[in-house]
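Read through the structure below, which is laid out as structure tokens, and then see the notes.
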Amino acid sequence: RSRGELPIPDFYDPSNAARWSYAPDAQALLERATAWAREHGIPPAAADRVVLHLLLIDLQRDFCFPEGALFVAGRSGRGAVEDNDRIARFIYRNLGAITQITCTLDSHYPFQIFSPAFWLDEEGRPPAPHREVTAEDVRAGRLRPNPALARWLADGDEAWLRRYVEYYCEELERTGKYRLYLWPPHCLVGGEGHLLAGVIQEARLFHAYARLSPPAIELKGSHPLTENYSALGPEVMTAHDGRRLADWNRALVERLMAADAVLVAGQAASHCVRMTLEDLIRHIEPAQVRKLYILRDCMSAVTVPDPARPGEFLVDFTPQAEEALARFEEAGAHVVESTQPLESWPELPRAGR
């Protein structure tokens, strides 16, 4: 352990990082954290002269466990499970240095534009997930929005909804980032898959109680007519007729940039982490990009194994994730490992620690 790091508390059980059903006892954590702070002389976070803000993106059950609807397995097949263990250990070791923790939560409902239930195929049935929807698919009638949803999503105007989804696909294709992709139902509000993984909830509560630092939650992804990979804003914000759908989360950008350093981890490296960092870097000053520290070993890419060919993938977004990390580093962000002592991180302010 390096100078300034704390030991891992005895109650932490790394096997819980692989347990879907694990949930910590908040009252027991309060008592343990209070005693821990007293034993190790950990001051309240409000006294920090250097503010380190840890941003944890979408560390929810549906992404973090094989039982989840969209387990982020990475190429190893254990991606998010092992990431969560590393993230929890990172928080415990650096409890006295991390000032704030913000967790984002992907928050969905059954009928959204990326949901199979939103669409009908040529036979009038919802399509299977894990497929793209192109503007040409819509124009040719291969896929169409379920007209019954127009009452709830378009004030009853079926023609408006049809035109909108064609425009939406066109906008995604125009920007060149990706095409509309249909995901299986995941992170549904009110469901177990929406919850934070147990060891992440445990670590954030322990930090909150030990450092008297209220933990923040940012919900994202609830608008039915646009996607929200990024924690800072949706992919398409304006409809074809100029109607405003949503806006940037400027308050979150301001809170993050008020810190001396922003530490980023979460799932998935290829999607929500990547999009959040792209948006953040686009909305801050170039000099502020150097405040960003990306924990490379605390995130994994989306992969879909090929059942017919063991060890091969139907879809593997790892190259996109690695390319994005290289771009972020080139822009001035720091790509680091969670196991590296903070004192070895380049350019990290050290006053008061």
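The values are calculated or read from the model by the stated rules, or taken from the named source; none is laboratory data. Note that this is a predicted model, so its numbers are computed, not measured. All Cβ positions, even for glycine, are placed from backbone atoms using ideal geometry, and neighbour counts span all protein chains on display. Areas reflect the complete protein model, heavy atoms only, side chains present, ligands, DNA and RNA absent. Shrake-Rupley method; radii C 1.70, N 1.55, O 1.52, S 1.80 Å.
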Pairs, please: C-beta under 6 Å, at least 6 apart or cross-chain, first residue without any contact (Cβ under 8 Å) to a residue 60 or more places away in the chain and over 17 Å from residue 162 (Cα atoms) and in region 237-250, second polar (S, T, N, Q) and not in a loop (DSSP other than H, G, I, E, B)? 244/238
Just checking, which of 97, 37 is closer than 16 Å to residue 211 by Cβ and part of a loop (DSSP other than H, G, I, E, B)? 97
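Across region 38-58, what is the number of residues that are aliphatic (A, V, I, L, M) and open to solvent by 60 Å² or more (accessible area, probe 1.4 Å)?
Applying the first criterion (aliphatic (A, V, I, L, M)) to region 38-58 yields 42, 45-47, 50-52, 54-57.
Now drop any that are not open to solvent by 60 Å² or more (accessible area, probe 1.4 Å), which leaves 46-47.
Qualifying residue count for the region: 2.
Out of curiosity, is residue 259 closer than 28 Å to residue 97 by Cα and assigned to a loop (DSSP other than H, G, I, E, B)?
On the way: closer than 28 Å to residue 97 by Cα: yes; assigned to a loop (DSSP other than H, G, I, E, B): yes.
Yes: the conditions hold for residue 259.
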The correct count of residues that are outside any strand (DSSP E or B) and of a type in the set (Asp, Glu) in region 202-233 is 2
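Take residue 74 and decide whether it is buried (at least 24 other Cβ atoms within 10 Å of the Cβ), outside any helix (DSSP H, G or I) and small (Gly, Ala, Ser). Can you show your working first?
Numbers: buried (at least 24 other Cβ atoms within 10 Å of the Cβ): yes; outside any helix (DSSP H, G or I): yes; small (Gly, Ala, Ser): yes.
Against the criterion (buried (at least 24 other Cβ atoms within 10 Å of the Cβ), outside any helix (DSSP H, G or I) and small (Gly, Ala, Ser)), residue 74 qualifies.
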In this structure, does residue 269 turn out to be in contact with a Ser or Thr (Cβ under 9 Å, 6 or more places away or on another chain) and buried (at least 20 other Cβ atoms within 10 Å of the Cβ)? yes
Tally, over region 172-229, of residues that are in contact with a strand residue (DSSP E or B) (Cβ under 6 Å, 6 or more places away or on another chain), farther than 30 Å from residue 12 by Cα and surrounded by fewer than 20 Cβ atoms within 10 Å (Cβ to Cβ): 2
Looking only at region 128-165, count how many residues are in contact (Cβ under 8 Å) with a residue 24 or more places away in the chain, of a type in the set (D, E, K, R) and open to solvent by 40 Å² or more (accessible area, probe 1.4 Å). 6
Restricting to region 274-293, give me the number of residues that are under 16 Å from residue 337 (Cα atoms) and either part of a strand (DSSP E or B) or open to solvent by less than 10 Å² (accessible area, probe 1.4 Å) (or both). 2
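Can you go through 303, 226 and tell me which one is among the β-branched types (Val, Ile, Thr), modelled with pLDDT of 95 or more and under 25 Å from residue 169 (Cβ atoms)? So that I can check it myself, show each step before the final result.
Details: 303 fails: modelled with pLDDT of 95 or more.
Exactly one of 303, 226 is among the β-branched types (Val, Ile, Thr), modelled with pLDDT of 95 or more and under 25 Å from residue 169 (Cβ atoms), namely 226.
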In region 212-269, which residues are under 17 Å from the mean Cα position of the chain (by Cα) and either more than 24 Å from residue 187 (Cβ to Cβ) or of a type in the set (Ser, Thr, Tyr) (or both)? 222, 226, 229, 230
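Working carefully through the options 199, 165, find the one that is more than 30 Å from residue 49 (Cβ to Cβ) and not in a loop (DSSP other than H, G, I, E, B).
Of 199, 165, the one residue that is more than 30 Å from residue 49 (Cβ to Cβ) and not in a loop (DSSP other than H, G, I, E, B) is 165.
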Can we say residue 264 is modelled with pLDDT of 95 or more and in contact with a helix residue (DSSP H, G or I) (Cβ under 6 Å, 6 or more places away or on another chain)? no
Residue, farthest from residue 205 (Cα to Cα), within region 100-126, restricted to residues that are part of a strand (DSSP E or B) and of a type in the set (D, E, K, R): 121
Across (1) more than 16 Å from the chain's Cα centre (by Cα); (2) open to solvent by 10 Å² or more (accessible area, probe 1.4 Å); (3) at pLDDT 95 or above, residue 90 clears everything bar (2)
